[in-house]
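Report on the following structure.
The values are calculated or read from the model by the stated rules, or taken from the named source; none is laboratory data. As the structure is a computational prediction, the values presented were derived from the model and not from experiment. Cβ placement follows ideal geometry from the backbone for every residue including glycine, while neighbour counts extend to all protein chains displayed.
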Amino acid sequence: MEKYLIIDTHTHIYNDEIYNSYFKKAGENVSDVLVMHDYDDGDLQTFLDFAQTKKNVYIIGSVSFKKELKPQLDFLEMLLKQDKIKGIKLYP
């Protein structure tokens, strides 16, 4: 039987409890996940710290439209250059 590499491109996994629950359901069907940072779930550093503990978790940064955008975008650009995030999601 052929095995495929499946990457879930929109998850909200940011702690071990959610991670374990997700992969218990997904089993070996999903190899990697892109995690969408959401300020309602916590600050970005929490997501980054969690991702450093997993080989298959990659963070997508986001901004808060309630705060000044330029400093946030500058910070996210720095994280992209450092390969700490894999992308930026913009939404109101």
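Below are the figures for this structure:
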read-out: Sole residue being closer than 22 Å to Glu17 by Cβ, touching a strand residue (DSSP E or B) at 6+ places or on another chain (Cβ under 9 Å) and modelled with pLDDT of 95 or more, chosen from Ile85, Ile59; value: Ile59
read-out: Candidate set: the stretch 61-83, residues that are within 16 Å of Gly42 (Cβ to Cβ) and not in a helix (DSSP H, G or I); chosen: the one nearest to the chain's Cα centre (by Cα); value: Gly61
read-out: Selection count, the stretch 24-39, where residues are assigned to a strand (DSSP E or B) and either touching a Ser or Thr at 6+ places or on another chain (Cβ under 6 Å) or of a type in the set (D, E, K, R) (or both); value: 4
read-out: Hits in the stretch 40-55 (condition: assigned to a loop (DSSP other than H, G, I, E, B) and either touching a residue at least 60 places away in the same chain (Cβ under 8 Å) or surrounded by fewer than 13 Cβ atoms within 10 Å (Cβ to Cβ) (or both)); value: Asp40, Asp43, Gln52, Thr53, Lys55
read-out: Filtered residue count, the stretch 24-39, keeping only those that are of a type in the set (A, V, I, L, M, F, W, C) and surrounded by fewer than 14 Cβ atoms within 10 Å (Cβ to Cβ); value: 0
read-out: Meets criteria (of a type in the set (Lys, Arg) and in contact (Cβ under 8 Å) with a residue 40 or more places away in the chain) for Lys89; value: yes
read-out: Top-ranked residue of the stretch 7-23 - restricted to ones that are in a loop (DSSP other than H, G, I, E, B) and touching an Asp or Glu at 6+ places or on another chain (Cβ under 8 Å), ranked as surrounded by the most Cβ atoms within 10 Å (Cβ to Cβ); value: Tyr14
